[in-house]
Amino acid sequence: MIVPRLIERKRNGAQLEPEEIRELVLAYAEDRVPDYQMAALLMAIYFRGLDRGEMNALMDAMLESGKRLDLSRLPLARIDKHSTGGVGDKTSLILAPLIASLGVAVPMMSGRGLGHTGGTLDKLEAIPGFTTALSLAEAEKQIARIGCAMLSQTDEIVPADRKLYALRDATATVEVIQLIAASIMSKKISEDLTGLVLDVKRGSGSFLPKLEDEVELAKAMIDLGSAHGCPVVALLTAMDRPLGHACGNSLEVAEAIEVLKGSGPADLIEVTMALGAEMLVLGAVAATLEGARTLMLDAINSGNALLKFEEIISAQGGDTGVLRDPTRLPYAPQKEDFVAKREGIVKEVDPREIGYGVIALGGGRRNMEDEVDPSVGFVIAAKPGNHVAKGQSLATIHARSSDDLAVARSVLESAIVIGDAAEPPLPLVSHRVSARGVEQFA
Ligand code: URA
């Protein structure tokens, strides 16, 4: 294999053969191809795309780069949910314990922050002591014991995606339908699932802001799932504004805990319930989506969902005290309210600006080696369509220094736009895509 030849062919718009993709991906996972060559190929793919055959070969090669979970002896359905990436999206932190508390096994392998979006692993690691680097054997044992493990890819599990994901993040090559589909589905197929629910984000804060691309992404992932015997349902959900209020790792964990205790922002609860209902129906624990919602509310009201989160945190070495006292989570030393400069209607809360703002404060990565500071971010009270008075608090900034407070102020000044009227925001859950086709709700 001569890598520059492969880069050249893709750059010129040719198709790569499945065997070439396999050889390249396996060599990259084993550090036999340097990042600079892979980065050049990714950029060529960004401009030239991959066809279905190339996407399938990429996913299969990523799967082959590691081992897989074997959960076939469990007498439970094994259902996970995965998001294509958003800002303020902490639904995984709620759904893993909630669904596991209802008798469905949830093997949840997640990613880190990517581009402007946050990552479940970075959020979990905001909990002091929490480790996501479980071995396959540890994850299998934990899932058999408590029904859930929340883990990262290691050298054992889909290592090729782990490396490629970090490289795409650092080289502005995330936004390619086939790369996203292969990345997500390689992780999910390696979890030995009996079903998967996907949250495909829509709108300006998603990786693919055009509706037709989002539907194509959902269909690509459904096809990859079907080819591996894993039924997949996708919901298209709004990412034209951040989900919930908290954006930043520690702050998001605190907000997820609120929901598990029966409160929290209405939009976050609605999206979480819609995804959870699909998980329970796929897992055959509920016959209908309505029945599933009742089960979830009972699990929250009885405290069982929170108890399951406590079990997960304890099993993975984290401080369970954060559930009773969220101030045990890391908090930034500087806190400041950001207020409206005029009266009016909130026209926009731009999720991309907010996501990059969290990174600017140190809450995400600018390059592959960066450490994440879990304590920083924003709690944004303002939602598009809200009427606000001059001087009213729109958001709270959590930052490390007074210089960072100034950075955060300028981020919020461009992200939160106040005018005289606002366009209606996207519906929180607008479409459902399954092997049977596309349903539109709103
Ligand atoms: N989530 C993933 O796991 N991979 C992507 O490429 C995008 C979102």
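Here, each number is a calculation from the coordinates, and none is a lab measurement. Because the structure is a prediction, the values reported are computed rather than measured. When we count neighbours, we look across all protein chains shown, and the Cβ atoms used for this are built from the backbone with ideal geometry, even at glycine.
For segment 207-327, a Kirkwood radius taken over Cα pairs fed into Stokes-Einstein (25 °C, viscosity 0.890 mPa s) yields D = 149 µm²/s. Its Cα gyration tensor gives the chain an equivalent ellipsoid; the semi-axes, largest first and in whole Å, are 32, 27, 22.
Using 0.36 nm per residue and subtracting the Cα-Cα separation, the extra length available between residue 436 and residue 17 on full extension is 147.8 nm. One compactness figure for segment 330-419 is 1.09, namely its Cα radius of gyration divided by 2.2 N^0.38 Å.
For segment 237-315, relative contact order (Cα pairs under 8 Å, six or more residues apart, normalised by length) works out to 25 percent.
Could you calculate the contour length gain from residue 8 to residue 409, that is, 0.36 nm times the residue separation minus the distance between their Cα atoms, to one decimal place in nm?
Length gained, residue 8 through residue 409: 139.9 nm.
Calculate for the chain the 222 nm mean residue ellipticity that helices alone would give, adding -39,500 (n - 2.57) per DSSP H run of length 4 or more and normalising by residue count, nearest 500 deg cm²/dmol.
Numbers: 17 runs with 196 residues, N = 442.
Using -39500 (n - 2.57) per qualifying helix, the result is -13500 deg cm²/dmol.
Compared with the direct C-alpha span, the chain from residue 175 to residue 319 gains 48.3 nm at full extension, assuming 0.36 nm per residue. The string of couplings for segment 96-103 from the Karplus curve (6.51, -1.76, 1.60, θ = phi - 60°) is 4, x, 4, 6, 5, 5, 9, x Hz, one whole number per residue in order, with x for Gly and Pro.
Assuming a ≥ b ≥ c are the square roots of the Cα gyration tensor eigenvalues, decide whether segment 3-49 counts as rounded (a/c under 1.5), prolate (otherwise, with a/b larger than b/c) or oblate. Spell out each step's value before the answer.
Values: a/c = 2.11, a/b = 1.39, b/c = 1.52.
Note, shape of segment 3-49 comes out oblate.
Got a sec? Charge dipole of segment 1-114, +1 on Cβ for Lys and Arg, -1 for Asp and Glu; which of 26, 37, 105 is way out at the positive end? Going by the Cα projections, it comes out as 105. In terms of Cα to Cα distance under 26 Å, which lysines are near enough to residue 347, apart from those fewer than 8 places away along the same chain? Filter leaves 90, 201, 210, 335, 383, 390.
Considering only DSSP beta bridges where both residues belong to the chain, give the percentage that are antiparallel (nearest 5). Walk me through the intermediate numbers first.
Values: 27 of 45 bridges.
Looking only at bridges with both residues in the chain, the antiparallel portion is about 60 percent.
When 359, 127, 269 are arranged by Cβ crowding within 10 Å, least crowded first, meaning fewest neighbours, the order is 359, 269, 127.
Amide hydrogen proximity for residue 339: with H placed 1.01 Å from N in the peptide plane, the residues at 5 or more positions away or on another chain lying under 5 Å are 394.
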